[in-house]
1. Consider only pairs whose beta carbons are under 7 Å apart and that are at least six residues apart or on different chains; among these, list those whose first residue lies in the range 341-352 and is under 11 Å from Arg277 (Cβ atoms) and surrounded by 11 or more Cβ atoms within 10 Å (Cβ to Cβ) and whose second residue is modelled with pLDDT of 90 or more and among the aliphatic types (A, V, I, L, M).
2. Out of (1) within 21 Å of Leu241 (Cβ to Cβ); (2) within 11 Å of the ligand (Cβ to nearest atom), the odd one out for Pro148 is which?
3. Restricting to the range 219-259, what's the tally of residues that are in a helix (DSSP H, G or I) and among the hydroxyl-bearing types (Ser, Thr, Tyr)?
4. Quick check on the range 270-279: of everything there that is surrounded by fewer than 16 Cβ atoms within 10 Å (Cβ to Cβ) and of a type in the set (A, V, I, L, M, F, W, C), which residue is farthest from the chain's Cα centre (by Cα)?
5. Looking at Leu203, Leu188, Leu217 in this structure, which one is in contact with a strand residue (DSSP E or B) (Cβ under 8 Å, 6 or more places away or on another chain), away from the ligand (no atom under 14 Å from the Cβ) and either under 30 Å from Arg43 (Cα atoms) or of a type in the set (A, V, I, L, M, F, W, C) (or both)?
6. Identify all residues within the range 210-233 that are among the hydrophobic types (A, V, I, L, M, F, W, C) and modelled with pLDDT of 95 or more; write none if there are none.
7. Considering only residues that are farther than 16 Å from Val73 by Cβ and touching a residue at least 12 places away in the same chain (Cβ under 8 Å), look in the range 180-193 and name the one that is surrounded by the most Cβ atoms within 10 Å (Cβ to Cβ).
8. Pairs needed: first member in the range 201-214, assigned to a strand (DSSP E or B); second member anywhere, near the ligand (Cβ under 8 Å from one of its atoms); C-beta distance under 6 Å; at least 6 residues apart or different chains.
Amino acid sequence: MTRWSDGIDLSHHGDADSAPGLVDLAVNVRHGAQPAWLAATLRDALGRLDRYPVAVAAREAVARRHGRDPNEVLLTSGAAEAFVLLARVLRPRRAVVLHPQFTEPEAALRAAGHPVERSVLDWPFRLTSPVTSAVIPKDADLVVIGNPTNPTSVLHPASDLVGLCRPGRILVVDEAFADCVPGEGESLAGRSDLSGVVVIRSLTKTWGLAGLRCGYLLAARELVEELSAAQPLWPLSTPALAAIEACSSPLAVATAEGYARELVEARSFLVAALTARTGLRVVPDPAGSFVLVDHGGDDAVRQRLRDAGFVVRRGDTFPGLGASWIRVAVRDPETSTRFLHAFDAARALAVSG
Ligand SMILES: Cc1ncc(COP(=O)(O)O)c(C=O)c1O
């Protein structure tokens, strides 16, 4: 289903632009081999497909990983299912989505029949510095924000997010990229004291499991019960549950921490190279596995990059951005270097042509 709003296709995602043979810098799923223990877990789960899935162990593992009660955990078929469940179960009077951000939360709210207001942050896309450009109405009873935010890669301090909490308001924090941040210092996943906060997590990105569909949300027990009642029977497969359990273990958390540290280095390389180029605006201090860049030109730059074999995420399907913005996935320095050469050539052609 295509969901357009204000001329923007909210259903457009990076995978639609990607194609075999092209270097994919549009989809932010980590490349590289899965750890042996995860591959073995998945193989083992395939041997149990004759039985219906049992979610107890995975739910308890997630609860332990975040220091929550298992009753505060809802396992979902990716973060995407969490957005749909929330949209179908909640009855917001005034729903506000902070943009630019991943468009599915807004699309799910609209598909469920809720009017949605956009609160759009201007450069540098932060809630507080230097002054916040986005106004969140005091009576908004549902506010959705990403942290770190896709596509800006901005990591909001936890204190800024807590500052958005109000009695009677549900604050949904999409933490699909939280495990890109070493130490996960700004995550609200462990905060059961904040009863109005819903944290959404995904296993898609760090573990390269986009095709398996596994994620979860953390929320107050009563809301988890309501959302759970809206799910079909057996919403997650046995392999997805096995992956969630395995990826919540202390070993997995330590492995993800290692990936996050490697990401910091690879991202510094890309950001330094982009920042050294004139005529570009690079969103400062990115915290995700991607970097948002304003090249100041039109969509021809992205098309030329594609002709040169590189797919980047277009900016014009994010409310608050436009065709001069591209989001670039962080890859190894060798791939980033090849991208940078192609980017220079694409920009030079745009100027001369
Ligand atoms: C910010 C953000 N949240 C959620 C999702 C969806 O994640 P999942 O694959 O777990 O449904 C994505 C996917 O691109 C995303 O970028």
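The values are calculated or read from the model by the stated rules, or taken from the named source; none is laboratory data. Note that this is a predicted model, so its numbers are computed, not measured. Methodologically, a virtual Cβ is constructed for each residue, glycine included, from the backbone with ideal geometry; neighbour enumeration extends over all protein chains shown.
1. Pairs found: Phe343/Leu305; Arg347/Val301.
2. (1)
3. 4
4. Keep residues of the range 270-279 that are surrounded by fewer than 16 Cβ atoms within 10 Å (Cβ to Cβ), which gives 272, 275-279.
With the extra rule that they be of a type in the set (A, V, I, L, M, F, W, C), the set shrinks to 272, 276.
Details: Ala272: 23, Ala276: 27 Å.
So the residue we want is Ala276.
5. Just a single option satisfies the conditions, and that option is Leu188.
6. Leu212, Cys214, Leu217, Leu218, Ala219, Ala220, Leu223, Val224, Leu227, Ala229, Ala230, Leu233
7. Cys180
8. Qualifying pairs under 6 Å: Arg201/Gly215; Ser202/Ala79; Ser202/Ala176; Ser202/Gly215.
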